[in-house]
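Readers should treat all values here as calculations from the given coordinates under stated rules, not as data from a laboratory. As the structure is a computational prediction, the values presented were derived from the model and not from experiment. So basically every Cβ, Gly included, is an ideal-geometry build from the backbone, and we count neighbours across all protein chains shown.
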Amino acid sequence: MPGHGLVLVVEDERSIADLLKMYLTREGFGVHIAADGPEALAAVRAHRPVAIILDVGLPTLAGTEVCRRLRADDDWTPVLFCTARDDEIDKVLGLELGADDYITKPFSPREVVARLKAVLRRSRGVVTSEEMAVGDVAIDLATHRCTVAGTEIALTATEFDLLAYLMSKPGRVFTREQLLSEVWGYSSVVTTRTVDVHIAQLRSKLGEPDLIRTVRGVGYAIELPAADVSATAADGAAEVEDTGTGTEV
Ligand code: CA
């Protein structure tokens, strides 16, 4: 029996699906292939996969709609989207979909497997009893719960890990490359807007005041709202020019 769990591959192009199945099987995953959206939704209910590789361009029901329906059903199975079009990326990583990552076609099956493993690593998380809080935002690493001013908010596994990582060292500026390496588990620098898009989603979910500071040209940091630490930047602007050289990076 495959040791890493069952992956649902949702792909209408049989040759691509078979190629992914071959690579995933070789890596120890079980694979179930669904060729369209309705079949995918049924397969998720029937087989409870550990993750879904979801093509956006599907007949009858788009991949984004499949994901939307799963999330509406409170199903947070990690989703790695495959898209053939750059202009779909924002939609794919959109706030309401709760996708964990995307990969653009044409892709190498090896890269898909690497991304999938990273998604699974993140979704499994680290079990400790540690709780952290910055300002109104509190997270519990053991339960993967996040509250803002006492109200629980729903974060995807990736958003949670990104927030936890930033909150682990308040004030420290992390580069996108560091975040990709530490949170996403990528060993090489990849060209992706994943970090920026997930930061934007976190900001949107956490609301005001904005705890995440953008250090232009460097990266991101978690900090107490400006009003709590100084009188400057009281407008809560998302972009703060760092006049230093990012010494903590
Ligand atoms: Ca397709």
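General observations
- Region 7-64 - percent relative contact order, Cα under 8 Å, separation 6 or more: 45 percent
- Over region 39-116, volume per residue of the alpha carbon convex hull, in Å³: 89 Å³
- For ASP101, the residues whose amide H sits under 5 Å from its own are VAL79, PHE81, ignoring neighbours fewer than 5 places away on the same chain, with H placed 1.01 Å from N.
- Whichever aspartates and glutamates have a C-alpha closer than 13 Å to that of LYS117, once near sequence neighbours (fewer than 8 apart) are set aside: GLU27, ASP100, ASP101
- Relative exposure of GLU131, GLU223, GLU65, judged by other C-beta atoms within 10 Å (fewest first): GLU131, GLU65, GLU223
- Pairs of Cα atoms farther than 23 Å apart, region 29-162, %: 36 percent
- Neighbour-count order for MET167, MET22, fewest beta carbons within 10 angstrom listed first: MET22, MET167
- Least to most buried among ILE103, ILE222 (fewest other Cβ within 10 Å first): ILE103, ILE222
- In order along region 54-59, the phi-based Karplus estimate (6.51 cos²θ - 1.76 cosθ + 1.60, θ = phi - 60°) of 3J(HN,Hα) comes to 10, 6, 6, x, 10, x Hz; Gly and Pro are listed as x.
- Each label was represented as a point 7 Å from its Cα along the Cα-to-Cβ direction; for THR151 and SER108 these points are 4.7 nm apart.
- Under a model in which nothing but the beta-carbon of Lys, Arg (+1) and Asp, Glu (-1) is charged, region 36-183 shows a dipole of about 440 debye around its Cα centre.
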